[in-house]
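Below you'll find the structure, written out as structure tokens, and then a few comments.
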């Protein structure tokens, strides 16, 4: 049995299928960062840190004539989003009901996906993770409210990356509000704005809950690494006569290897 | 040959202690067994049809053979959905003209490399198996 303790949950095989499938369905479209950055892992729950290959000198050394330095590592962060499922709903699922209430699971999936995206795009200071937009050495470009000008802004971002010697194709992540705005807009002549922007970047355009504004990211590889210890999993917390309390969990860390390989777009 | 949801896979079909196998692995084993049975049934009808001369009997058996084809395809699709690496390799081989062996070698190499880069779940992991999403449609 793993640390997830799934076998202790009063949930049938069919119930676990339902819960896992629903979680996958909700998580996959929201995991925007995974579509744009390199993925390393999963390395398992026991992975605690990433080797940075660097050291810091220890003042005073370790004795007469002996210097000392300590390895620097980036420690894994555990993300967890809790949810509860009514046992009556699980019983209905076992009877074949097709409209099971899994709203709290959906919210937890959305929350943990947004948290992962936020850590990648904006960083997580308390865990020493620097995000893509924070690390970028380029001056951010303001998108403004006029959607029809977005292709021009994105083209400027691509040009800035090219000027810095950062090759494409490029991907574009957009926060939900801006993504919806772009999706709803057609340019003069009815050409969808989304298609125009896609032609400029040459790579994917992704809906990114947790991201403020947007970011153009090189897709050549080797610039950004999302490192996963335990990949997204569902575990068991406790239960009573009414509900089963579960959680979605993962462990991760993130590194920017090339600071100028992305350019932030502010909303 | 029909699929019976409640039928357990016979104990001798497991190669590891069934109690230690996760539910997903036991379901996968049931569908593998079903796929094998459908393939056998296809072979049986194929042989019978090769020698049967009676038109009416042939029509009945041809209809039955169509059912077996359908069941086989449904089993296969289920298994491919649950085994992403298998699905990726199948994509490079099925419904393609040309050299089957060549397609197989190329597809395996491409899919295994892609799987390694995209973070296949660790053996024995109970994760959701999402991994990396580069190249995903959405």
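FYI, it's all coordinate maths here, none of it is from the lab. Note that this is a predicted model, so its numbers are computed, not measured. A quick note on method: Cβ atoms are made from the backbone with ideal geometry, for glycine too, and the neighbour counts reach across all protein chains shown.
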Inset, instruction - Could you work out how far apart the two model spin labels at residue A:159 and residue B:15 are, taking each label as a point 7 Å from the Cα in the direction of the beta carbon, and quote it in nm? - result: 6.1 nm
Inset, instruction - Report the FRET efficiency, 1/(1 + (r/R0)^6), for residue B:23 and residue A:70, where r is their Cβ-Cβ distance and R0 is 41 Å, rounded to 0.05. - result: 0.35
Legend entry - Whole-Å distance, taken between Cα centres, linking the range A:5-77 and the range B:10-65: 43 Å
Inset, instruction - Please express the Cα-Cα pair-distance distribution P(r) of the range B:14-82 as a list of whole percents, one per 10 Å bin, running from 0 to the bin with the greatest distance. - result: 20, 37, 24, 14, 6, 0
Inset, instruction - Can you put B:32, B:73 in order of Cβ neighbours within 10 angstrom, beginning with the fewest? - result: B:73, B:32
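Once you have the alpha carbon radius of gyration of the protein assembly as shown, what is it after dividing by 2.2 N^0.38 Å, with N set to its residue count? Walk me through the numbers before you get to the answer.
Details: Rg = 26.0 Å, N = 405, 2.2 N^0.38 = 21.5 Å.
Cα Rg divided by the expected 2.2 N^0.38 Å: 1.21.
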Inset, instruction - Within 10 Å of each residue's Cβ, count the other Cβ atoms and sort B:105, A:249 from fewest upward. - result: B:105, A:249
Legend entry - Overall dimensions of the range A:64-155 by Cα: Rg and Dmax, Å: 22.8, 75
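List A:212, B:54 from most exposed to least, where exposure is judged by having the fewest other Cβ atoms within 10 Å. Mind dumping the intermediate values first?
Details: A:212 17, B:54 9.
Neighbour counts put them in this order, fewest first: B:54, A:212.
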